[in-house]
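Undergrad: Dumping the structure here so I can ask a few things about it.
The values are calculated or read from the model by the stated rules, or taken from the named source; none is laboratory data. Bear in mind the structure is a predicted one, so any value in this text is a computation, not a measurement. With ideal geometry, Cβ positions are generated from the backbone for all residues, glycine too; neighbour counts draw on all protein chains shown. All accessible areas refer to the heavy atoms of the entire protein, side chains included, with ligands and DNA or RNA removed. Shrake-Rupley method; radii C 1.70, N 1.55, O 1.52, S 1.80 Å.
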Amino acid sequence: MRLTVLVVALLFIGPSAGLAQSPASSSDADRAEAAGRYEEALAVYQRLAAADARDHQARLAIARLQERLGHPARAEAVFRSVMLEDPRSIEATLGVARTLVEQLHAEDALDVLDAAERLAPENPDVLAALGHAHGRAGHTATSVSYYERAAAISRSH
């Protein structure tokens, strides 16, 4: 199952023509991303993930870059692949929720975020994401409540 999910995710992350290029490191990708060369950074992370499918950090970076490049469905697929392998990954869970909201599926995002809240009930990022998703779903009072909780926790840290 895990291999199937990864293969499906890799289909969404883009062409594999660059996979034969010379090895690169995550620091190469970080430098490219910091310089605004997102496609270059994406290609490096794709090579890293192809070399080691268990490299969740490379796959999360691929998902973030796909999201940044305006491909929420591709990003969602990669975030989900990590979330399926590591259900406790808050970063993957938040990524799935963000991409669902961006694709106008706020109610589905709320389902994902409910699980995240059970994992990390005091995480301000989870609470803010819940506030955002509830707002997009039209639940204004609940949205405000989550934003207030997130702000209170952030101020206390």
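Undergrad: Considering only the range 140-157, state which residues are open to solvent by 60 Å² or more (accessible area, probe 1.4 Å) and either under 15 Å from Leu104 (Cβ atoms) or polar (S, T, N, Q) (or both). So that I can check it myself, show each step before the final result.
TA: Going residue by residue through the range 140-157, those that are open to solvent by 60 Å² or more (accessible area, probe 1.4 Å) are 140-141, 144, 147-149, 154-157.
Matches in the range 140-157: Thr140, Ser154, Ser156.
Undergrad: Okay, next question. For the range 86-122, which residues satisfy the criterion of being more than 19 Å from His139 (Cβ to Cβ) and within 12 Å of the chain's Cα centre (by Cα)?
TA: Ser89, Ile90, Glu91, Ala92, Thr93, Gly95, Val96, Thr99 - these are the residues of the range 86-122 that are more than 19 Å from His139 (Cβ to Cβ) and within 12 Å of the chain's Cα centre (by Cα).
Undergrad: Tell me which residues, restricted to the range 30-41, are surrounded by 14 or more Cβ atoms within 10 Å (Cβ to Cβ) and assigned to a helix (DSSP H, G or I). Outline the logic, then answer.
TA: Pass one, the range 30-41, residues surrounded by 14 or more Cβ atoms within 10 Å (Cβ to Cβ): 30-33, 37-38, 40-41.
Of everything in the range 30-41, those that are surrounded by 14 or more Cβ atoms within 10 Å (Cβ to Cβ) and assigned to a helix (DSSP H, G or I) turn out to be Asp30, Arg31, Ala32, Glu33, Tyr38, Glu40, Ala41.
Undergrad: Quick one: Ser27 ticks every box in (1) at pLDDT 95 or above; (2) among the polar types (S, T, N, Q); (3) open to solvent by 10 Å² or more (accessible area, probe 1.4 Å) except a single one, so which number is it?
TA: Against the list (1) at pLDDT 95 or above; (2) among the polar types (S, T, N, Q); (3) open to solvent by 10 Å² or more (accessible area, probe 1.4 Å), Ser27 comes up short only on (1).
Undergrad: With respect to Glu122, determine if the residue is outside any helix (DSSP H, G or I) and either open to solvent by 30 Å² or more (accessible area, probe 1.4 Å) or in contact with a helix residue (DSSP H, G or I) (Cβ under 9 Å, 6 or more places away or on another chain) (or both).
TA: Numbers: outside any helix (DSSP H, G or I): yes; either open to solvent by 30 Å² or more (accessible area, probe 1.4 Å) or in contact with a helix residue (DSSP H, G or I) (Cβ under 9 Å, 6 or more places away or on another chain) (or both): yes.
Judged against the criteria, Glu122 is a match.
Undergrad: Right, something else. Only one residue in Ala53, Ala129, Ala116 is modelled with pLDDT under 95, crowded, with 17+ Cβ neighbours inside 10 Å and either of a type in the set (Gly, Ala, Ser) or part of a helix (DSSP H, G or I) (or both), so which one is that? Give the steps one after another, and end with the answer.
TA: Numbers: Ala129 fails: modelled with pLDDT under 95; Ala116 fails: modelled with pLDDT under 95.
Criteria check complete, one pass: Ala53.
Undergrad: Test Arg59 against the criterion of being in a helix (DSSP H, G or I), modelled with pLDDT of 95 or more and open to solvent by 50 Å² or more (accessible area, probe 1.4 Å), and give yes or no.
TA: Details: in a helix (DSSP H, G or I): yes; modelled with pLDDT of 95 or more: yes; open to solvent by 50 Å² or more (accessible area, probe 1.4 Å): no.
Spelling it out, it is not the case that Arg59 is in a helix (DSSP H, G or I), modelled with pLDDT of 95 or more and open to solvent by 50 Å² or more (accessible area, probe 1.4 Å).
Undergrad: Across the range 62-113, what is the total count of residues that are assigned to a helix (DSSP H, G or I) and free of Cβ contacts under 8 Å to residues at least 40 places away in the same chain?
TA: From the range 62-113, those assigned to a helix (DSSP H, G or I) are 62-68, 72-85, 90-102, 106-113; that's our starting set.
Of the ones still in play, those that are also free of Cβ contacts under 8 Å to residues at least 40 places away in the same chain are 63-65, 67-68, 72, 75-76, 79, 82-83, 90-102, 106-113.
Qualifying residue count for the region: 32.
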